[in-house]
Amino acid sequence: MGTVQGYMYPNEMELQWSILIVLYPFITGLVAGAFILASLERVFDVHVVKPTYRLALLTALAFLLVAPLPLQLHLGHPERSFEMYLTPHTTSAMAMFGFVYLWYLMVVLVLEIWLDYRRDLVVTWKASRGLKRALYAVLTLGSDNISEGALNVDDRFGRFITIVGIPSAFLLHGYVGFIFGSVKANPWWSTPLMPIVFLFSAIVSGVALVMLMYMAMSKLSKRPIDLPCVDTIGRYLMYAFIVDFSLELVDLIHRIYEADESFKALDFMVHTRLYMSQIVLQMLLGTLLPIALLAVPQLLRIPPKWRLRIYVIAGCLTLVGIFAMRWNVVIGGQLFSKSFLGYTTYKMQFATREGLGASVALLLLPFGILAALVRLLPPWPDESLKNA
Amino acid sequence: MNESTRREFLFQTGKLLVLSGAASIAWDAVAAGAPADAPNYTMTEHWWAMVIDVEKCIGCGNCVRACKAENNVPLEPYYFRTWVERYVVDPEDIEHPIVDSPNGAYDGFPELTLSNPNVKTFFVPKLCNHCANSPCVQVCPVGATFDSPDGVVLVDKERCLGCRYCVQACPYGCRYIDPRTNTVDKCTLCYHRITKGLLPACVEVCPTAARQLGDLKNPNDPIHAFLRTHKVQVLKPQMATGSKTYYNGLDGSVR
Amino acid sequence: MSSRQDRAHLVRVAALFGGALILFFVARAVLVPKDFGIYGHYRAGALADARARPIAYAGQAACVECHGDVGDLRKTSSHAHVACESCHGPLATHASGDDATRPGRPNGRTTCMRCHLASLSKPAKFPQIVLKDHADDGPCIACHQPHAPKL
């Protein structure tokens, strides 16, 4: 085979997990990260980031709704995927998916969003006519109690849900890291650091996404950007990134130092087939450069206009870098043979259901859903509703 | 209905559901007994294993062809339930053997051209190791692959989702996705043959007895004497998979 | 302490979740195969499925039932442990009488050379020949009886 260099076990020559499986942890990572940012305000009382609270939750919801789609497209028998609910194999991390997903979607995200928006939903219900009125009636579950006492209950219960939500978010994305980290057959994946690295890169990507979305949506709806809010998010992004990078560096140094039987093969792979995506995209452009950019406003006085530009560039580079990290883990782990004697190539197609076209569509879909969600549940309600 | 009778009703219904569910499972186990389609075969009397004698393998590829014919394995492009590897090892550099397996050795091996005559070269047949602590069984999310009571790792084609996690988890590379069914496939130790007293196809056609089936629960099986008198190894012992495919004469360079 | 009225909407949410949970258990009772979990975390019927595959190779014992003369000839030959179907291919349909066609003879050269063509990788004690030193034209069976090949 022209694409195989050296020796690979005959069944290994074709990659098993495609770009769709790169997409899945990327999307759930964004969800977990966006939620952690939202919890900063709700649980840790970092009130300066309040303008992004609702947007972070809606973003998390939009992306979470899309999250199972790459998995469904990838399965040989997507119509059997409900079997994970019927006969989950408790020794398999993947079996957790159905339950963790459903828990996180319904009990954490949807419930928290509902509790936060309930007052606005009731107000909109009462102020609407026809189909819109019916829709909002359903959304409030028919309860129109927005007295002080009821809203107090909502606030306390919502806070409780957020507290529960933080470890749930860790579980939602951490188990994906464990899916890779627990495969002893694959030395590129098998490390106890994997769930932690996944989690921190998730936080980084989610925070960057919400920061970018907030700036974009403020621009689009012609609202002023709350500068202290964005400055704080930028600072937290930098901290999270430093932790993430340190963890990845620890893993790298450990591998190079121990140099076990797999090291030569993996080293060769990183320097050849994975060079662009690992060294250039993930490390240089996707990690070191954004960290440096984000450090600049912390060390020097930068005028607001330039700070915002720095945040936009750093945010975009971050997203690219974290996507590259998922790519390097998933695809990288399949480019070398388990015999450590050979390498293959990933032939990504475009128009098939596991191809680039499907992936791009799946990445754009959450934005469409978010647009609908923002109309249904405005993150920054009109002044008129406040006085209703 | 007032509060207490409603509560009472819910409690009784819940109790009924739980108990009837438990009872139906118990009844099924009782009714299971011996499988109807293999009346002379009791699973718990067998614990299957394979012995591969590397010193006897001549790389003829009979096993590869027979397996494909017996089990209807796709001929194109490169799916194999079993295959044979040829190793060319420089004795002073066993960490870097040169290995090839042209089409899995379906047509045997082409002639060897050696640039360095000071090498050792041999054939190593590979197949599913039917591990007792199988990592592939461990990771299946829905119980579509399993270790049978008689020690054969099998795939339930009707339940497999095609998620490919087991393919990733197998350290020996013996699994693949059958493109015709979109489910996972692999060596079944010719379960349909061994339960009827026949040999697996690969063992049947091996001309040199390099591949032998063993039944570890049968006290008269020659595998016991073989394991006692030969230096055997399993592949990748550090993974502790409980592999039941024992290799005699395995060189340290074999991956 | 909040009043019961202020918590009423939460009760509705709890009822919704509770109802979904009940639906889930009902669906589970209906959809999980009845033979799942008997021997382990799998469908016991899968064992029967694995056993039900069609057989392609009859096995040496089946061949000798009809071809006893060849069986006797081979018993003391160097090919005694080479199964009939190693060279003749899968013959279960022939042995069971389903297939009335007479299986053809294997191609002498290719079949014999697969095993006996000399290679450094083969065990040294295994009988192997370099073609041009041996007899590079003419079929192997011109000199060797395939069922008792030693000359």
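Each value in this text was obtained by applying a stated rule to the coordinates, not by laboratory testing. What you see is a predicted model; the values in this text were computed from it and never measured. All Cβ positions, even for glycine, are placed from backbone atoms using ideal geometry, and neighbour counts span all protein chains on display.
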Computed over chain B, the relative contact order (Cα-Cα under 8 Å, seq sep at least six) in percent reads 26
Expressed in Å to one decimal, the Kirkwood Rh of the stretch C:106-146 from all distinct alpha-carbon pairs is 10.8
With a 30 Å threshold on alpha-carbon distance, the violating pairs from A:347/B:120; A:338/B:120; B:236/C:34 are A:347/B:120; B:236/C:34
For chain A the mean separation of alpha carbon contacts under 8 Å (6+ apart) over residue count, i.e. relative contact order in percent, is 29
From fewest to most C-beta neighbours within 10 Å, the residues C:53, A:255, B:211 line up as C:53, A:255, B:211
Quick calc, residue C:8 & residue A:284: beta-carbon distance into FRET formula, R0 51 Å, rounding 0.05, result 0.35
Contact order relative to length for the stretch B:135-185, counting C-alpha pairs under 8 Å separated by 6 or more residues, stands in percent at 32
Taking every alpha carbon pair in chain B and sorting the distances into 10 angstrom bins from 0 up to the bin holding the longest one, the percent per bin comes out as 6, 25, 31, 18, 8, 5, 3, 2, 0, 0
Normalised Cα Rg of chain A, dividing by 2.2 N^0.38 Å with N its residue count, works out at 1.05
Shielding of B:104-110 by other chains, given as the mean Cβ count within 10 Å, works out to 3
At R0 = 30 Å the Cβ-Cβ FRET efficiency linking residue A:222 and residue A:129, nearest 0.05, sits at 0.60
Averaged over residues of A:102-113, the number of beta carbons from other chains lying within 10 Å of each residue's Cβ is 1
Sparse-neighbourhood loop hits (trypsin sites (Lys or Arg not before Pro), the stretch C:1-62; DSSP loop; Cβ within 10 Å at most 14 others) -> C:34
Simple SL model, points at 7 angstrom along Cα→Cβ for residue C:135 and residue C:65; separation in nm is 3.6
Candidate span helices, chain C: DSSP H, at least 15 Å along axis from Cα coords, Kyte-Doolittle average at least 0.5, result C:4-31
In nm, the gap between the two label points placed 7 Å beyond Cα toward Cβ at residue B:158 and residue B:227 is 3.4
Between the modelled labels at residue B:118 and residue C:120 (7 Å from Cα along Cα→Cβ) the distance in nm is 1.3
Computed over the stretch A:73-146, the Cα gyration tensor eigenvalues, each multiplied by 5 and square-rooted, give semi-axes in Å (largest first) of 37, 15, 9
quick shape note, the stretch B:135-185: Cα extents on principal axes in Å, largest first -> 28, 23, 17
Per principal axis, largest first, the Cα atoms of chain C extend in Å by 104, 40, 25
Of the listed pairs B:217/C:150; B:126/B:217; B:196/C:150, those with alpha carbons more than 32 Å apart are B:217/C:150; B:196/C:150
Taking a ≥ b ≥ c as the square roots of the eigenvalues of the Cα gyration tensor, with a/c under 1.5 meaning rounded and otherwise prolate when a/b exceeds b/c and oblate if not, the stretch A:277-388 is oblate
tail above 46 Å in the computed P(r) of the protein assembly as shown, as % of all Cα-Cα pairs, reads 37
Computed over the stretch C:54-104, the Cα gyration tensor eigenvalues, each multiplied by 5 and square-rooted, give semi-axes in Å (largest first) of 20, 11, 9
Expected unfolding gain across residue A:353-residue A:302 under the 0.36 nm per residue rule, minus the alpha-carbon gap, is 13.7 nm
Expected integer from the mean partner chain Cβ neighbour count at 10 Å over C:84-94 is 3
By Cβ neighbour count within 10 Å, fewest first, C:72, B:156, B:178, C:133 rank C:133, C:72, B:178, B:156
Going from the fewest other Cβ atoms within 10 Å to the most, one would list C:130, A:312, A:374 as C:130, A:312, A:374
On each of the three principal axes the extent of the alpha-carbon atoms of the stretch C:4-51, given in whole Å and largest first, is 63, 16, 11
A convex hull over the alpha carbons of the stretch A:310-365 yields, per residue, a volume in Å³ of 101
Taking r as the C-beta separation of residue A:260 and residue B:133 and R0 as 30 Å, the FRET efficiency to the nearest 0.05 is 0.85
Cross-link reach from residue A:126 to lysines, straight Cα distance under 22 Å and at least 8 residues apart if same chain, gives A:386
